[in-house]
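Bear in mind that the values in this text are calculations on the coordinates, not laboratory data. Only a predicted model underlies this, so the values are computations on that prediction, with no experimental measurement involved. Cβ: placed from backbone, ideal geometry, glycine included. Neighbour counts: every protein chain shown.
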Amino acid sequence: MGRVIRNQRKGRGSIFTANTRLNKAPAKFRTLDYAERHGYLRGVVREIVHDPGRGAPLAKVVFRHPYRFKQVTETFIANEGMYTGQFIYAGKKAALTVGNILPLGEMPEGTVVSNVEEKTGDRGVLGRTSGGYITVIGHNPDEGKTRIKLPSGAKKVVHSKSRGMIGIVAGGGRTDKPLLKASRAKHKFAVKRNCWPKTRGVAMNPVDHPHGGGNHQHIGKASTISRYAAQGQKAGLIAARRTGLLRGTQKTKD
């Protein structure tokens, strides 16, 4: 009987925990309240900071508390064009400018947004990576739904009251520069998670992986595997619809 393979061990034990010690703060919108649903609030960008393990910078935005005499600092994912001292408006009646936070239903078709809420009030989960953006395709006022296009190209329907920040996430083009050497990859993933370096299955022994063993490095059997296979067998192309290179042109449905 073989060992418990790597993809079975993922998520268990201390070596698979995310390295969050240096992270600044969770990057989320304000908690949705009456002021944002019916009007707007004004905040000011105090500083733009680097967050280890994240490709995009973070913006520290200070708002006045809507009901008490104090200030509240929120952490947003910074968009291209944001700067310190900039006024940020959050709410239904905010202007359509870069950095402002509005419900998707208040934006015209073709608007480019980031950090969009999948469910109203979840404070932003879609389109958060550096250089990423989401496009508003259309609205259905009767059902209160908005159709958006994700960075992957997939279309999705969300509630028109879901919020988004206007603009493209800062830090675009980060992946265009090659790492060039292993030590840069080491430091890149040191603040992310334990996923580098990754040993190939064919380079292992048969006891460690279904692709291991042999007098030379080869898989030795079909790399496609059934969706209903046992967990220790699931390595390679799991439940693949097709294999090989994509040929011809691909047509996307609007």
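Summary of computed values
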quantity: Residues of type lysines that K234 reaches as a straight line, Cα spacing below 24 Å, ignoring anything fewer than 8 places off in the same chain; calculated: K10, K198, K221
quantity: Answer label for Rg and Dmax of the Cα atoms in Å (calculated), chosen among [x] 17.3, 54; [y] 19.5, 73; [z] 22.9, 74; calculated: [z]
quantity: Calculated from backbone phi, Karplus (6.51, -1.76, 1.60) coupling profile of region 105-112 in Hz, x at Gly/Pro; calculated: x, 8, 9, x, 4, x, 5, 9
quantity: Whichever lysines have a C-alpha closer than 30 Å to that of K149, once near sequence neighbours (fewer than 8 apart) are set aside; calculated: K24, K28, K60, K92, K93, K119, K161, K177, K188, K192, K251, K253
quantity: Rough spin-label spacing in nm, given labels placed 7 Å along Cα→Cβ, for W196 and R242; calculated: 3.2 nm
quantity: Neighbour-count ranking [beta-carbon atoms within 10 angstrom, fewest first] of L180, L104; calculated: L180, L104
quantity: Charge context of K198, other residues only, Cβ under 12 angstrom, K/R +1, D/E -1; calculated: +4
quantity: Unit charges at the beta carbon, dipole of the chain: most positive-side option, T17, G144, F29; calculated: T17
quantity: Those trypsin sites (Lys or Arg not before Pro) in region 155-246 that DSSP places in a loop and that have at most 16 other beta carbons within 10 Å; calculated: K181, K192, R193, K198, R200, K221, R227, R241, R242
quantity: Formal net charge of residues neighbouring V72 (Cβ-Cβ distance under 10 Å; K, R +1; D, E -1); calculated: +3
quantity: Size of charge dipole - the chain - debye, nearest 20, with Cβ of Lys, Arg +1 and Asp, Glu -1, no other charges; calculated: 960 debye
